[in-house]
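The values are calculated or read from the model by the stated rules, or taken from the named source; none is laboratory data. These numbers come from a predicted model, not from an experiment. Glycine gets a Cβ as well: all are built from the backbone with ideal geometry, and neighbour counts include every protein chain shown. Surface areas here come from the heavy atoms of the whole protein model, side chains and all, with no ligands, DNA or RNA. Shrake-Rupley method; radii C 1.70, N 1.55, O 1.52, S 1.80 Å.
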Amino acid sequence: MTETAVTSFDGLGLEPDLLQAIKEIGFEEPSPIQAESIPPLIEGYDVIGQAQTGTGKTAAFGLPMLQYLDPENDEVQAVVLTPTRELCIQVTQALRSYAEHLDIEIVAVFGGAPIKGQQAQLRAGAQVVVATVGRMMDLISRQSLVLTAARFVVLDEADEMLDLGFIEDVEKILRMCPSGRQTALFSATMPPPIKALAENYMYDPVTIKITPRKLTVDSVSQAYVEVPAKKKQEKLAEILKAERPEQAIIFCRTKIGASRLDRDLRNRGMSVKALHGDMSQGARDGVMISFKDGRVPLLVATDIAARGLDIEHVTHIINYDLPNSSETYVHRIGRTGRAGRTGRAITFATPDQIPDLKQIEKDAATTITAWETPEERIEHGRPPRRRERKGRKPASLDGDGVEDRDAEPVAEGNGAGPSDSGDGITKLYVNRGRKSGIGEDDLRWALNEGAVLSDDQIASIKVLDRFAFVEVASDAAEKTVERLDGSRLKGADIRVEVARR
Ligand code: ADP
Ligand code: MG
């Protein structure tokens, strides 16, 4: 639907009474699922809305539903089916708050509570019934509830209703509602039976799918350093010396911390600039420009100051202070490692912050291994036939994160591509060699760190004067070309392509 983010509830077509209630509740802007679902629902379309839990689906259907109702009509005009008693109560409360300035009766009916009281509430008049499936079936069979006027029907959290085995009953209920009804189906996921239900019981639905923003940390190699707070400055100096980043951003949590670190690095003779909220706009712009130009290799920054900073060309992100949330972590590092494809993130954690770091690793669905110097990384990245040098694996946080590579010979048989030599191996040509200062270890490093290949996926590396050949597992060949072609290695632009046989 709309490409640009809607930043206001005005303009979605909602009545003043509803806008007033939203304002009082404190919703400032519509969530994406709300911005996209509300207009078609108000226009009378059937809508299938798919969005993660917690994205505001209740108001997405609730607001148009309330707007549809005729306060003068005392029949049951709308029903909302929910999977559980808890959700039933929750949705009812939300709808009542949205209906604060409307004269609408909303009744909740759910199992596990005396049916008599609910029957009495229905008799007293309900224009909206929010129900669990079983209790609704029960009330219908007792003739306490008729759906002949229910022209707005919502299936909320449809995938959960499916999981709980309610789909047949949901279909029965839909068949009892008028055929000219408007139907809205909201769900976090769309398993096939739910799609089938939508096809059979909805009329020409508008489908809205809000996909969560993809975390792009995959192309960044990530390491952590466990270090006591007192030793952090010293450790940072050591890491900078070992990593020799072309450009790095060092993130601090506070302005004070950032200026302190800036001063310390300066005292150690490093070329560094700081970027934080206490600086004037002019001073900040100056720092930004000199950093973007590449004149300054190190930037110490706070999260807020670094907002809007183009960090695509940065080779290293160093989380000197552990980010305070997984989102911040992803935000800090997720933008590096794209242009140069050599992005590397190193995160400091004090011993008592290790659990927080584990949580980040889990949330970001990534692997953060213990930091090693580039030399050690190469050392541990020996090709299979040289493994007698005993490749100690860097420890993962979980201990089991790095599987035993010996156990999984990746380069065996699978994915014979067009250039596959028949043994599951594809030869790639690299347009640089010794004359460009590139050695075997540099290429291995690029394959490990840049293309994220394990050593078992690398069959051989042969460096000649003007070019090089690497042989990789065929099923990893495409990824290798994609990640390394056009990247930079030791200051040289490199081209990687499948070698002609
Ligand atoms: P879902 O059904 O998608 O899991 P909910 O409708 O239960 O999500 O909403 C999740 C939370 O977000 C609720 O606490 C709700 O009050 C809040 N919320 C919904 N819409 C907005 C909004 N536009 N602005 C701020 N908070 C919102
Ligand atoms: Mg919900």
Near pairs, Cβ below 7 angstrom, 6+ apart or cross-chain, from the range 57-70 (under 15 Å from Leu87 (Cα atoms)) to any residue that is of a type in the set (S, T, N, Q) and within 14 Å of ligand 1 (Cβ to nearest atom):
Ala59/Gln34; Phe61/Ser37
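Residue check: is Leu197 more than 16 Å from ligand 1 (Cβ to nearest atom) and buried (at least 16 other Cβ atoms within 10 Å of the Cβ)?
Criteria met by Leu197.
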Please tell me if Phe110 is of a type in the set (Phe, Trp, Tyr) and within 16 Å of ligand 1 (Cβ to nearest atom).
no
Listed residues Ala35, Ala94, Ala59; which is within 14 Å of ligand 2 (Cβ to nearest atom), within 28 Å of the chain's Cα centre (by Cα), over 21 Å from Tyr201 (Cβ atoms) and surrounded by 19 or more Cβ atoms within 10 Å (Cβ to Cβ)?
Ala59
May I ask you to list the residues in the range 226-247 that are open to solvent by 100 Å² or more (accessible area, probe 1.4 Å) and either in a helix (DSSP H, G or I) or under 12 Å from Asp264 (Cβ atoms) (or both)?
Lys230, Lys231, Glu234, Lys241
With Leu66, Leu81, Leu87, Leu155 as the choices, which residue is within 16 Å of ligand 1 (Cβ to nearest atom) and modelled with pLDDT under 95?
Leu87
List, please: which pairs have Cβ atoms under 6 Å, are six or more places apart or on different chains, and start with a residue in the range 450-470 that is in contact (Cβ under 8 Å) with a residue 24 or more places away in the chain and end with one that is open to solvent by 10 Å² or more (accessible area, probe 1.4 Å) and β-branched (Val, Ile, Thr)?
Gly450/Thr342; Asp456/Val410; Gln457/Val410; Ala459/Ile425; Val470/Ile461
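How about the range 423-449: which of its residues are in a loop (DSSP other than H, G, I, E, B), in contact (Cβ under 8 Å) with a residue 40 or more places away in the chain, out of contact with any Ser or Thr (no Cβ under 9 Å at 6 or more places or on another chain) and open to solvent by less than 20 Å² (accessible area, probe 1.4 Å)?
The answer is Ile438, and nothing else.
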Residue in the range 263-289 that is least open to solvent (accessible area, probe 1.4 Å), counting only those that are assigned to a loop (DSSP other than H, G, I, E, B) and closer than 15 Å to Ile250 by Cβ
His276
I'm trying to understand the selection: among the residues of the range 143-172, which are within 16 Å of ligand 2 (Cβ to nearest atom), open to solvent by 10 Å² or more (accessible area, probe 1.4 Å) and among the charged types (D, E, K, R)?
Glu157, Asp159, Glu160, Asp163
Looking at (1) surrounded by 17 or more Cβ atoms within 10 Å (Cβ to Cβ); (2) under 26 Å from Asp70 (Cβ atoms); (3) away from ligand 1 (no atom under 16 Å from the Cβ), can you tell me which one Met137 breaks?
(2)
Among (1) in a helix (DSSP H, G or I); (2) surrounded by 20 or more Cβ atoms within 10 Å (Cβ to Cβ), the one test that Ile42 misses
(2)
Let me confirm something: among Phe251, Phe186, which residue is within 29 Å of the chain's Cα centre (by Cα), within 30 Å of Pro39 (Cα to Cα) and not in a loop (DSSP other than H, G, I, E, B)?
Phe186
Between a first residue in the range 4-15 that is at pLDDT below 90 and a second residue that is surrounded by 11 or more Cβ atoms within 10 Å (Cβ to Cβ) and among the aliphatic types (A, V, I, L, M), which pairs have beta carbons less than 8 Å apart while being 6 or more apart in sequence or on different chains?
Ala5/Ala35; Val6/Leu12; Val6/Ala35
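Does Arg123 count as surrounded by fewer than 20 Cβ atoms within 10 Å (Cβ to Cβ) and of a type in the set (D, E, K, R)? I'd like the intermediate steps shown before the answer.
Values: surrounded by fewer than 20 Cβ atoms within 10 Å (Cβ to Cβ): yes; of a type in the set (D, E, K, R): yes.
For Arg123, the condition - surrounded by fewer than 20 Cβ atoms within 10 Å (Cβ to Cβ) and of a type in the set (D, E, K, R) - is met.
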